[in-house]
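Each remark here refers to the structure printed beneath this line.
The values are calculated or read from the model by the stated rules, or taken from the named source; none is laboratory data. None of the values given here were measured: they were computed from a predicted structure. Cβ placement follows ideal geometry from the backbone for every residue including glycine, while neighbour counts extend to all protein chains displayed. For accessibility, only protein heavy atoms count, side chains too; no ligands or nucleic acids. Shrake-Rupley method; radii C 1.70, N 1.55, O 1.52, S 1.80 Å.
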Amino acid sequence: MDAGEGRREMNQYGRTDITPEELAKWQQGTEIGYKSFDWHNYIIKKNAPQYNINVNATGGSDKINYYISATHLFQNSVLGREFTFKRTNIQSNIDAQITNSLKVGVQINGRIETRDNPGVPGSDDYWGPRFALFRNRPTERPFANDNPAYLNDIGHNDTNWGLLNKDKSGYWREDWRVLQTNFTGEYRSPIKGLTAKGTYSYYIADRLMNGHEYTYDAYTYYKDTDTYVRTGGSTNPWRERGTRKVLENVVQGQVNYQNSFGKHNLAATFVAERISRREIDVWVHSVPQTNELPLLQFADMDTYNDSDIQTPGPGTSDA
């Protein structure tokens, strides 16, 4: 708090209630009730640790080659240790020369990843803290009377970082499990210049999302009576669960011909491909009776969205 606060009020309202005596107390910053609060230092951590571990092996012979790799990544956020991301990847490639004319290969890629953070109100859980850096004033503090047992009612509690943690605001977690496999084959025919290739690809992705935003109380501290009075908060709980499955099959066949006849060159390629894809998505929302019960009960549900999209297929159905 400084003289700039008085100028801001003058520019915004044409007047200010800050007296010179109060301004002097803010500038001194030692008396209770006249201490500025640094929201940036409170929200943004000095570091965001991460680690990445990779193990791989490669080898083979004149007939077969292989490559295997596994990687694990873990990362914190500058918003705190409750905002985390982790991912594990595996990759395997094998190529084998079955005969002089036939070569086959298998590629497998998979990953498991998790995004885990508090259940911050709003569609973007990273927007709240970023906005708080500009929205929260230095005259506002996260806890009433600096008592961590009582969330301070600052009037815009959705940006109060004292709330935005798993203990008070809830949780949100998203897990993905993805597998991509490719099977390839290449055949050189006895006919000079004629080769055939085939590829089959199978992809599956599974998503599970769970979110629960709690109800909470916010308080105002009255120094004269040394009491904490509930003057705000939320009585609107938000419980959601989303599942998504993506299934895709790709089949491709290719025939190549390349040859020379004297001074003439001839090259031709024929490719045929078929892709089938299906996306199944379910999202359920409920208004739970308590913060402690994570189950989605039918009596508390108010939304159930279901979609099934197939390509090629009969189209889209929603319920």
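Summing +1 for each Lys or Arg and -1 for each Asp or Glu, what net charge is found among the other residues whose Cβ lies under 14 Å from the Cβ of Thr71?
It works out to a net charge of +2.
At 0.36 nm per residue, minus the direct Cα-Cα distance, what do Thr71 and Leu293 gain on full extension? Give it in nm, one decimal, please.
Going from the current span to full extension adds 76.3 nm.
Heavy-atom accessible area of Leu194 with all protein chains present, probe 1.4 Å, nearest 10 Å²?
Answer for Leu194: close to 50 Å² accessible.
Given the pairs Lys63/Lys245; Lys168/Lys223; Lys63/Lys192; Lys45/Lys86, which span a C-alpha to C-alpha distance of over 29 angstrom in this model? Walk me through the numbers on the way to the answer.
Values: Lys63/Lys245 38 Å; Lys168/Lys223 25 Å; Lys63/Lys192 23 Å; Lys45/Lys86 19 Å.
The pairs that break the limit, which is 29 Å between Cα atoms, are Lys63/Lys245.
I want to check the label-to-label distance for Ile94 and Asn305. Put each point 7 Å from Cα in the C-beta direction and report it in nm to one decimal.
4.3 nm
At a Förster distance of 45 Å, what's the computed FRET efficiency of Asp17 paired with Trp283, Cβ-Cβ distance as r, to 0.05?
Numbers: r = 48 Å, r/R0 = 1.06.
E(calc), rounded to 0.05, equals 0.40.
For Asp217 and Asp124, calculate 0.36 nm times their separation in residues minus their Cα-Cα distance, and state this gained length in nm to one decimal.
On the way: separation 93, 0.36 × 93 = 33.48 nm, distance 2.24 nm.
Gain on extension, Asp217 to Asp124, equals 31.2 nm.
May I ask which residue of Ala57, Phe37, Phe85 lies farthest towards the positive end of the charge dipole of segment 12-112, with charges of +1 (Lys, Arg) and -1 (Asp, Glu) on Cβ and the Cα centre as origin?
With unit charges placed on the Cβ atoms, the residue in question is Ala57.
Mind telling me which of Thr114, Thr195, Thr220 comes out most flexible in a GNM of the chain, alpha-carbon contacts under 10 Å?
For the chain, modelled as a Gaussian network with Cα springs under 10 Å, the answer is Thr195.
Quick check for me: using +1 on Lys/Arg Cβ and -1 on Asp/Glu Cβ, what's the dipole size of the chain about its Cα centre, in debye to the nearest 20? Before the final figure, lay out each step's value.
Details: 36 positive and 39 negative charges, 392 e Å.
Here the chain has a charge dipole of around 1880 debye.
Cut-off 10 angstrom, C-alpha nodes, Gaussian network model of the chain. Which of Ala70, Ala96, Ala299 fluctuates the most?
Ala299
Towards the positive end of the charge dipole of the chain, with charges on Cβ (+1 Lys, Arg; -1 Asp, Glu), say which of Ser307, Ala48, Val178 has the farthest Cα.
After comparing all options, I get Val178.
Please compute the contact order of segment 47-174 in relative form: average sequence separation of alpha-carbon pairs under 8 Å and at least six residues apart, divided by the residue count, as a percent.
19 percent
Relative contact order for the chain using alpha-carbon pairs under 8 Å, separation at least 6, rounded to a whole percent?
11 percent
Which entry is the computed volume of the Cα convex hull per residue in Å³ for this structure: [x] 158; [y] 137; [z] 257?
After the calculation, the listed value that fits is [z].
Going by average Cβ neighbours within 10 Å, how do the peptides 74-84, 284-294 rank, with the highest at the top?
74-84, 284-294
About the Cα centre of segment 151-257, what is the dipole size in debye to 20, counting +1 per Lys and Arg Cβ and -1 per Asp and Glu Cβ, all else neutral?
So the magnitude is around 860 debye.
To the nearest 20 Debye, how big is the dipole of segment 238-281 about its Cα centre, given +1 on the beta carbon of each Lys and Arg and -1 on that of each Asp and Glu?
Dipole size: approximately 120 debye.
Within segment 28-72, which residues have the backbone N less than 20 Å from the label spot 7 Å out from Val106 along Cα→beta-carbon, could you tell me?
56-71
I want to verify a result. In a Gaussian network model of the chain, Cα cutoff 10 Å, which of these has the top mean-square fluctuation: Arg244, Arg115, Arg15?
Top of the fluctuation ranking is Arg15.
Between beta-carbons, use under 15 Å as the cut-off and find the net charge around Tyr187, counting Lys and Arg +1, Asp and Glu -1. Intermediate results must be reported in sequence, preceding the final value.
Numbers: positive: Lys103, Arg188, Lys192, Lys197; negative: Asp95, Glu186.
Taking every other residue near Tyr187 into account, the sum is +2.
Report the label-to-label distance for Arg135 and Arg230 in nanometres (one decimal), using points 7 Å from each Cα along the Cα→Cβ vector.
2.3 nm
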